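**Student:** Sharing a structure with you now.
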């Protein structure tokens with residue numbers, strides 16, 4: 001109800017359906033751009049399995065939570081959410097997060113990054129120093145051509161590195177098919193800094 005009230009004044013955001021469980025949601029609606037998912041559902045279902053089910057159905061997922069349990073956040077993040085928004089955030093922050101995620105954008109927050117940073121189940125992928133450098137530059141937003149100029153490599157070599165990096169993450173059970181996924185992996189492994197929560201007034 002609270003989320004519905006926040007989104008109601010926004011003409012570009014339509015709340016299509018709500019449901020108490022993921023299975024009921026997928027039964028009620030087949031075409032959704034984004035699912036805003038509470039990690040604690042009434043059926044006690046596993047957050048990671050919920051996210052995987054939603055992504056298998058073609059839905060992107062934004063976590064909307066009290067963020068009081070880093071384990072639950074980590075579990076959902078491993079399954080590939082776009083980010084985490086706190087229920088305690090102000091209306092503007094929540095709406096901005098939903099809007100960004102609805103357009104497929106990453107919703108970076110200190111809560112999401114800190115939970116991932118403390119995940120004991122992350123498997124090292126064994127990137128070489130050169131691969132780490134390419135990953136950090138590319139995942140921070142640079143194009144492959146710019147990474148090539150910065151590192152002195154050819155653009156083809158940069159793309160070869162990125163292909164190998166993606167394969168290493170896939171082999172470790174941490175797939176990174178998109179640039180957004182590579183950004184997540186770079187933060188998880190410390191090649192990029194954890195985003196800072198903006199200071200409150």
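The values are calculated or read from the model by the stated rules, or taken from the named source; none is laboratory data. In this text, all values refer to a predicted model and were calculated from it rather than measured experimentally. Glycine also receives a Cβ, built like all others from the backbone with ideal geometry; neighbour counts cover every protein chain displayed.
**Student:** Which condition from (1) within 21 Å of residue 76 (Cα to Cα); (2) assigned to a helix (DSSP H, G or I); (3) in contact (Cβ under 8 Å) with a residue 24 or more places away in the chain is the one that residue 6 breaks?
**Tutor:** All conditions pass for residue 6, except number (1).
**Student:** Additional query: Quick one: what pairs do we get from region 30-56, first residue over 24 Å from residue 95 (Cα atoms), second at pLDDT 85 or above and crowded, with 18+ Cβ neighbours inside 10 Å, C-beta under 8 Å, 6+ apart or different chains?
**Tutor:** From residues that are over 24 Å from residue 95 (Cα atoms), the pairs are 45/22; 53/22.
**Student:** Continuing with the same structure: Quick check, is residue 96 surrounded by 12 or more Cβ atoms within 10 Å (Cβ to Cβ), modelled with pLDDT of 90 or more and outside any helix (DSSP H, G or I)? Talk me through it step by step, then tell me what you get.
**Tutor:** Working: surrounded by 12 or more Cβ atoms within 10 Å (Cβ to Cβ): yes; modelled with pLDDT of 90 or more: yes; outside any helix (DSSP H, G or I): no.
No.
**Student:** Considering each of 60, 31 in turn, give the residue that is loosely packed, with under 14 Cβ neighbours inside 10 Å and closer than 22 Å to residue 12 by Cα.
**Tutor:** Details: 60 fails: loosely packed, with under 14 Cβ neighbours inside 10 Å.
From the options 60, 31, the qualifying one is 31.
**Student:** In this structure, is residue 90 modelled with pLDDT under 75 and either outside the structural domain of residue 175 (by TED's automatic domain parsing) or closer than 30 Å to residue 158 by Cβ (or both)? Show your work before the answer.
**Tutor:** On the way: modelled with pLDDT under 75: no; either outside the structural domain of residue 175 (by TED's automatic domain parsing) or closer than 30 Å to residue 158 by Cβ (or both): yes.
So residue 90 does not fit the description; no.
**Student:** Here's something else I'd like to know. Just one of (1) within 14 Å of residue 80 (Cβ to Cβ); (2) without any contact (Cβ under 8 Å) to a residue 24 or more places away in the chain; (3) surrounded by fewer than 20 Cβ atoms within 10 Å (Cβ to Cβ) trips up residue 181, so point out which.
**Tutor:** (2)
**Student:** Which of the residues belonging to region 147-183 are within 20 Å of the chain's Cα centre (by Cα) and not in a helix (DSSP H, G or I)? Spell out the reasoning first.
**Tutor:** Filtering region 147-183 for residues within 20 Å of the chain's Cα centre (by Cα) gives 162, 165-183.
Hits for region 147-183 are 172, 173, 174, 175, 176, 177, 178.
**Student:** Given (1) in contact (Cβ under 8 Å) with a residue 12 or more places away in the chain; (2) surrounded by 16 or more Cβ atoms within 10 Å (Cβ to Cβ); (3) under 18 Å from residue 192 (Cα atoms), where does residue 150 come up short, assuming only one miss?
**Tutor:** Tallying (1) in contact (Cβ under 8 Å) with a residue 12 or more places away in the chain; (2) surrounded by 16 or more Cβ atoms within 10 Å (Cβ to Cβ); (3) under 18 Å from residue 192 (Cα atoms), residue 150 fails exactly one: (2).
**Student:** Of all residues in region 58-93, how many are in a loop (DSSP other than H, G, I, E, B) and touching a strand residue (DSSP E or B) at 6+ places or on another chain (Cβ under 9 Å)? It would help to see each step written out before you state the result.
**Tutor:** We begin by selecting, within region 58-93, every residue in a loop (DSSP other than H, G, I, E, B); these are 58-59, 66-69, 79-82, 87-90.
Imposing the further condition that a residue be touching a strand residue (DSSP E or B) at 6+ places or on another chain (Cβ under 9 Å) reduces the set to 59, 66-67, 79-82, 87.
The number of residues fulfilling the criteria is 8.
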